[in-house]
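Undergrad: Just dropping this structure here.
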Amino acid sequence: MYTDEQGLAWVRELVDRTAGFRSARIVKADVARTYPDSDLTTAEMYDFLAEQWAFEHPGQSSGEREAVELRVHLACSLRAWRAIRKEVIKTLCPEGMAPHTCRVPWFAA
C-alpha cells in the first residue's frame, strides 16, 4: 500500500477489527519495506501506487507516504481467511459506479 503512518494505523486497525469479528487470531503482523534475501524494496515493486496517488491527487504533496507491505499471518479457517480478506479489500476501496479514489492506494497479493 502507499500510505503514511496515519493510514497504516487505520489499515492495521481495520485488519485487527475484521479478524476479531471472525474469531481469527493474528499470529504475526509486520510492515515490510524490503523483500527477504533480495535487494528489491517495496518502493521499487509498487511504484505504480505512488503514480496512482499522484494522479488522483494532482498538485498535492505525497508527504510522508511510502510503499509498504503489511504482512499479516492469521490463525483461522480458510473460510474465515477468505471472508477477512474480502472485507478488508472492500473497506480499503469500496466499490461503486461513481469515480472515486481509495483512501489508501493498495495492491493485494
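The values are calculated or read from the model by the stated rules, or taken from the named source; none is laboratory data. The shown structure was predicted, so the numbers you read here are calculated from the model rather than taken from an experiment. Reconstructed Cβ throughout: ideal geometry from the backbone, glycine too, with neighbour counts over all protein chains shown.
Undergrad: How many residues, within the stretch 42-61, are of a type in the set (Ser, Thr, Tyr) and in contact (Cβ under 8 Å) with a residue 24 or more places away in the chain?
TA: 2
Undergrad: Right, here's the next one. Given (1) at pLDDT 95 or above; (2) touching a strand residue (DSSP E or B) at 6+ places or on another chain (Cβ under 7 Å); (3) within 19 Å of Cys93 (Cβ to Cβ); (4) not charged (D, E, K, R), identify the lone condition not met by Leu14.
TA: (2)
Undergrad: I'd like to know if the stretch 65-79 contains one or more residues that are under 19 Å from Arg12 (Cβ atoms) and more than 16 Å from the chain's Cα centre (by Cα).
TA: Yes - at least one qualifying residue is present in the stretch 65-79.
Undergrad: Note down all Cβ pairs under 7 Å where the first residue falls in the stretch 19-30 and is in a helix (DSSP H, G or I), the second is surrounded by 15 or more Cβ atoms within 10 Å (Cβ to Cβ) and aliphatic (A, V, I, L, M), and they're at least six residues apart or on different chains.
TA: Here the result reads Ala19/Ile26; Ala19/Leu74; Ala19/Ile84, each pair linking the stretch 19-30 to a residue that is surrounded by 15 or more Cβ atoms within 10 Å (Cβ to Cβ) and aliphatic (A, V, I, L, M).
Undergrad: Then there's this: Go through the stretch 72-94 and give me each residue that's of a type outside the set (A, V, I, L, M) and either over 22 Å from Arg22 (Cα atoms) or at pLDDT 95 or above (or both).
TA: Correct list: His73, Cys76, Ser77, Arg79, Trp81, Arg82.
Undergrad: In the stretch 38-56, how many are crowded, with 16+ Cβ neighbours inside 10 Å and among the aromatic types (Phe, Trp, Tyr)?
TA: 2
One line per residue, one yes/no per condition, for (1) surrounded by 12 or more Cβ atoms within 10 Å (Cβ to Cβ); (2) at positive phi:
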| position | (1), (2) |
| --- | --- |
| Pro58 | no, no |
| Gly63 | no, yes |
| Arg71 | no, no |
| Ala75 | yes, no |
| Arg79 | no, no |
| Arg85 | yes, no |
| Lys90 | no, no |
| Cys93 | yes, no |
| Trp106 | yes, no |
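Undergrad: If the Cβ limit is 7 Å and pairs must be 6+ apart or interchain, which residue in the stretch 83-100 that is outside any loop (DSSP other than H, G, I, E, B) pairs with which residue that is exposed (fewer than 11 other Cβ atoms within 10 Å of the Cβ) and modelled with pLDDT under 85?
TA: Note: pairs meeting the criteria are Ile89/Ala108.
Undergrad: Would you check which residues across the stretch 17-30 are over 14 Å from Leu92 (Cα atoms) and surrounded by 15 or more Cβ atoms within 10 Å (Cβ to Cβ) and list them?
TA: Ala19, Arg22, Ala24, Ile26
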